Structures are given as C-alpha cells and as structure tokens.
Amino acid sequence: MAIVRWDPFREFGGAWMPPVDIYSTGEHELVIKAEIPGLHKEDLDITVENFTLTIRGEKKAEQTIKDEQFHRVERSYGTFTRSFALPHTVDPNRVEAEYKDGVLTIKLPLREEAKPKQIKVNVAA
C-alpha cells in the first residue's frame, strides 16, 4: 500500500495555475516567467500592491461545435490567480510585463539603494 500525502487543494477539481520560473539577473532585477499559452492580452491583469505581485487571467475554451464528442480533454481552461510576495528591494514603479509566444515575462527592477555599493576606505594620515 502506498502512502499518499494529503493535499487539501486536490479537491478543487478544474482549478489550474500556470507554471512559473522566478530568477534574478545579478543585482539588477528579478524576473518571473509564466507559461500561459492561448491567452489574449486583454485576458490578463497584473498588479503590484503592498509588495505583492498578483497575476490574474482567464483562459477561455474554444468555441464548441455542435455534436462534438471528445475522446480526451487534457487542456485546462478557466480563471487563475497567482500571487508572489516581493522583497522590499523591488521598485514597484518600474515593473514591466511582456507576453510573447505564450510566455508572460515580468521584470521587477531593484531599487538603486538596494544594489551593493563598493565603499572606498581612506587611510588617515
């Protein structure tokens, strides 16, 4: 008998969340990439509030054809929401987003004061 970890969210059948990658580009910015094929620009809403980035959207099903009989349905449709806590080093006024080839790329520049600075040591005479 296999032991299966209980997941309380498993019961929410039909809900889906686009997979994301989050990485930093050195000391300049954070980048979030979300895989969301089949969306239109007007179906996306991105907000930054209180250092929380929220991505909302809706992936609409294709128009149904009368008398169609599906043999398999694996693609997900419906609304989704993803939220990410941002570090206070992010400058929320300079966030940029681009949607291309089914991938949403959000660039989150870091504030100037958050970047490391080299401190010159003076020798006293």
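The values are calculated or read from the model by the stated rules, or taken from the named source; none is laboratory data. Everything numeric in this text was worked out from a predicted model, so none of it was measured. A quick note on method: Cβ atoms are made from the backbone with ideal geometry, for glycine too, and the neighbour counts reach across all protein chains shown.
On the stretch given as segment 77-125, residues that are part of a helix (DSSP H, G or I) and either of a type in the set (Val, Ile, Thr) or under 12 Å from the mean Cα position of the chain (by Cα) (or both) total 0. Give me the pairs, please: first residue somewhere in segment 90-111 and surrounded by 17 or more Cβ atoms within 10 Å (Cβ to Cβ), second residue anywhere and small (Gly, Ala, Ser), beta-carbon distance under 7 Å, and either six or more positions apart or on two chains. Correct list of pairs: LEU104/ALA34; LEU104/ALA97; ILE106/ALA97. The selection criterion, being at pLDDT below 95, more than 25 Å from PRO19 (Cβ to Cβ) and of a type outside the set (Ser, Thr, Tyr), does not hold for LYS59. Pairs are defined by a Cβ separation below 7 Å, a sequence spacing of at least 6 or placement on different chains, a first member in segment 12-26 that is modelled with pLDDT under 95 and among the aromatic types (Phe, Trp, Tyr), and a second member that is surrounded by 12 or more Cβ atoms within 10 Å (Cβ to Cβ) and assigned to a loop (DSSP other than H, G, I, E, B); the pairs so defined are TRP16/SER76.
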